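No value in this document is a laboratory result; all are computed from the given coordinates. Source: prediction; values computed, not measured. Positions of Cβ are generated from backbone atoms using ideal geometry, with glycine treated the same way; all protein chains shown enter the neighbour counts.
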Amino acid sequence: MDLPDNALKRTTLGLINADLIVQNMYASGTRDWRADGSLSLATIAALSRSYNLYTIMERFVSWYRRGTFTALGQRQPVGPVTQTAIMRYMKNHDPFSSGVFEGQDQGNAALLRITPMVLYLHAEYGPEFVNNDPAMLSLHQVTGLTHNQPLALMTNGFYAMLVNQLLEGQPLQASFETAISQGYDYYAHHRFFAGHLAAFNRLNLPDFKHTPQKDITASDQALDTLEATIWVAFHSQTYQDALNLTGELSGTPARVLPLVGALSALLFDDPVVIPDDWLGQGGLNQIKRILMVANRVGAFNPVNV
């Protein structure tokens with residue numbers, strides 16, 4: 001794909017390729033990515049205009065109603081939390097109250113689509129965005145459009161802090177240690193979040209990297225997804241290694257594969273190649289068009305470039 005080889009391109013292709021792998025597990029020959037890829041593209045398209053929660057939700061509604069941002073232009077299955085949030089927005093047109101706060105379902109759908117927002121904040125504010133309350137509020141607001149529970153917001157925050165360090169060229173181990181330290185420090189100083197920090201204790205262990213594989217669970221829960229994605233990154237050498245290792249995890253590896261795809265595409269240098277028979281030209285053109293606009297407007301370009 002004839003586009004600048006930057007973090008936006010790599011993470012987007014990494015996620016969509018992984019999404020296509022999942023799709024081919026369950027519906028071989030479909031030639032379309034899944035909701036995670038579509039909502040990531042919708043987020044990129046919205047942020048390419050400006051940061052506006054209404055614009056992002058309108059893109060989500062367009063996807064939900066008409067299959068916009070899919071390769072085939074068809075409606076796709078949607079998770080219950082995301083569906084509830086979109087339907088609330090369609091009724092009230094208020095992105096600040098659309099997200100699901102109640103309940104115990106800490107699903108990972110908002111985590112799987114958040115990478116473009118992290119890149120946007122890094123470009124807009126620089127690497128200090130993780131210490132900037134307005135920037136972190138923006139991250140939490142985009143997460144909370146659908147998943148507004150404290151753990152979902154915090155999981156995306158920890159992930160953003162990890163990606164931020166990688167974007168600054170730090171190695172994975174150093175990036176991980178800094179992100180966990182920053183996350184604990186940031187959330188401990190916010191009463192709304194502080195009581196939930198214990199959920200992240202395993203990530204805060206000094207030997208998390210050496211957690212036995214049998215103790216890592218792949219699931220549709222946000223914290224499980226973050227732990228599995230980081231663990232896989234520690235034990236992989238290439239993008240393809242990461243995808244293969246994810247498939248060996250207990251639980252439902254398909255639910256974490258898109259995030260593994262995004263993070264490992266950023267972390268490793270091997271190219272992400274989407275097989276020709278998995279995606280038609282229309283799908284490739286859709287990705288290219290969205291990424292071309294994003295690159296042209298510079299919304300995801302680092303401030304120091």
**Study point:** Filter pass, Leu259 being closer than 30 Å to Arg49 by Cβ and crowded, with 21+ Cβ neighbours inside 10 Å
**Key:** yes
**Study point:** Every residue from the stretch 57-79 that is surrounded by fewer than 19 Cβ atoms within 10 Å (Cβ to Cβ) and on the phi > 0 side of the Ramachandran plot
**Key:** Gly67, Gly73
Exercise for review: Would you check which residues across the stretch 132-156 are assigned to a loop (DSSP other than H, G, I, E, B) and within 18 Å of Asp36 (Cα to Cα) and list them?
Suggested key: Leu145, Thr146, Asn148
Revision key, fill the gap. Counted residues in the stretch 268-282 being surrounded by fewer than 21 Cβ atoms within 10 Å (Cβ to Cβ) and closer than 27 Å to Asn156 by Cβ come to 4
Point to revise | Qualifying positions in the stretch 115-132 - under 24 Å from Thr225 (Cβ atoms) and either touching a Lys or Arg at 6+ places or on another chain (Cβ under 8 Å) or touching a residue at least 60 places away in the same chain (Cβ under 8 Å) (or both) | key: Thr115, Pro116, Met117, Leu119, Tyr120, His122
Check your understanding: For the stretch 209-230, how many residues are surrounded by 17 or more Cβ atoms within 10 Å (Cβ to Cβ) and either of a type outside the set (Val, Ile, Thr) or in a helix (DSSP H, G or I) (or both)?
Key -> 13
Review point. Of all the residues that make up the stretch 247-265, how many are in a helix (DSSP H, G or I) and of a type in the set (Gly, Ala, Ser)?
Key: 5
